[in-house]
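I have placed the structure first, in the form of structure tokens, so that the comments after it can refer back to it.
The values are calculated or read from the model by the stated rules, or taken from the named source; none is laboratory data. Just so it is clear, the structure is predicted and the values come from calculations on it, not from any experiment. Cβ sites come from the backbone with ideal geometry, for glycine too, and all protein chains shown count toward neighbours.
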């Protein structure tokens, strides 16, 4: 494997009984590293299709005999900051005045990592490299996202007024709305194709959307 011109930024470990690189499916490794890349880059999958090249990560090396993967970030300072925030979020130690956008961006990849941990019966651990005896920034097991969701999220019936920006979707029917006072777009699942077509006829017009919403309790 060619050596990177950058020093490894962090290490991803799959920890479990008898876990070795040969026992971890390639798809699980790829999906886990993609989710961790999203956390490191602060990417919100609803707002951005992919991680910018300048914020991407690359695999530096795999430690022989153990499922440990050293990764290098093209934007190491930002990656370290975002990974630390994810650790604080998982430990319920985040600042009450912190930016909700950062929390929202981390939720989806944390959910994916919990699903991967469940599928191969392991914990997924992320640690910074280049520091002596540094503790892991976070460790995710199969129930990590559920614990986080129970503490952080609320669900209930609500009504929202906003302007339709987009309607449709190749794999899931959704519409995107812009709501006054909210910087990010609001994404709504839509029940049927007929409603999608009707929403498409009212792009950039205000609508009233009623349904079950999930939001951060703060």
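Within the range 147-163, residues that are under 30 Å from residue 203 (Cα atoms) sit with their Cβ atoms under 9 Å from residues that are assigned to a helix (DSSP H, G or I), at 6+ positions apart or across chains, in these pairs: 153/107. Residues of the range 106-129 that are farther than 14 Å from residue 67 by Cβ and part of a strand (DSSP E or B): 128 alone.
Taking the criterion of being part of a strand (DSSP E or B), surrounded by fewer than 18 Cβ atoms within 10 Å (Cβ to Cβ) and modelled with pLDDT of 85 or more, the only residue of the range 33-67 that qualifies is 58. Within the range 174-203, residues that are more than 13 Å from residue 160 (Cβ to Cβ) sit with their Cβ atoms under 9 Å from residues that are in a helix (DSSP H, G or I) and modelled with pLDDT of 90 or more, at 6+ positions apart or across chains, in these pairs: 174/196; 190/196; 190/199.
The criterion of being closer than 26 Å to residue 186 by Cα and modelled with pLDDT under 85 does not hold for residue 106. Note on the range 197-218: residues that are modelled with pLDDT under 90 and more than 14 Å from residue 179 (Cβ to Cβ) total 4.
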